[in-house]
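Written out below as structure tokens is the structure these notes cover.
The values are calculated or read from the model by the stated rules, or taken from the named source; none is laboratory data. This one's a predicted model, so the numbers in the text were calculated from it and none came from an experiment. The protein model used for the area step is the full one, side chains on, heavy atoms only, and it has no ligands, DNA or RNA in it. Shrake-Rupley method; radii C 1.70, N 1.55, O 1.52, S 1.80 Å.
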Amino acid sequence: MSKPTLILTRPLPQSQDFLLELSKMLGETPKCIISPLLEIRYLPENSPSSQPQALLFTSTNGVTAFTNVSDDRTPLALCVGPSTCRAATAAGFQAQNADGTADDLRQLTIQKLDPNLGKIIYVSGRDSAHDVTDSLRKHGFDAERVVFYEQRPMALSRDAKTALSNGPTV
């Protein structure tokens, strides 16, 4: 029996990173088709309206989007999880990991930051499952959501469709 074809549907950079890590773990590169179902489009026209005390990141896409429009790495970066925290650290930020969900990020923000020390910018995609800024405002923070990228749907590639219809896939 042949090995299954792995179909990766995350945005291209994340799919490539995953395949690289998986290949290292397996000691070989598996048969794979990368067919992103989302395209990330960065919005360079958006930038923070003022110097924040901190940036909130809920994805590596947010880190990339922010670093595309700003060279400033002085704000503290509070990150939802380890991948986002690694990306922020690699980009030159002093980053802290909330280790979980948007609610965990909100809790970390409340614990680590002082509402009197300045604005907090939530670096967001246009379509965001959780906007933590409302909750932070209720705790006295000047919090602003700034949309730095958008996610555009993409169709599954012909190669991926063919693989799904012809044999074992993962």
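How many percent of the accessible area of the chain is carbon or sulfur, using a 1.4 Å probe?
Carbon and sulfur atoms account for 51 percent of the accessible area of the chain.
Over the chain, average the accessible area per residue using a 1.4 Å probe and give it in Å², no decimals.
Result: 56 Å² of accessible area for each residue.
Ordering 124, 157 by how much accessible area each has at a 1.4 Å probe, largest first, what is the list?
Ranked list, largest accessible area first: 157, 124.
In terms of solvent-accessible area of protein heavy atoms at a 1.4 angstrom probe, what is the ranking of 104, 142, 159, highest value first?
Largest accessible area first, the list is 159, 142, 104.
Using Cα springs under 10 Å in a Gaussian network model of the chain, which residue among 18, 141, 93 shows the largest mean-square fluctuation?
Result: 18 has the largest fluctuation of those listed.
Of 69, 146, which has the most accessible area and how do the rest follow, probe 1.4 Å?
69, 146
Can you give me the long-range amide H partners of residue 142? Hydrogens built in the peptide plane at 1.01 Å from N, cutoff under 5 Å, separation of 5 or more residues or another chain.
120
May I ask for the Kirkwood hydrodynamic radius of the chain, worked out over all distinct Cα pairs and given in angstroms to one decimal?
It is 17.5 Å.
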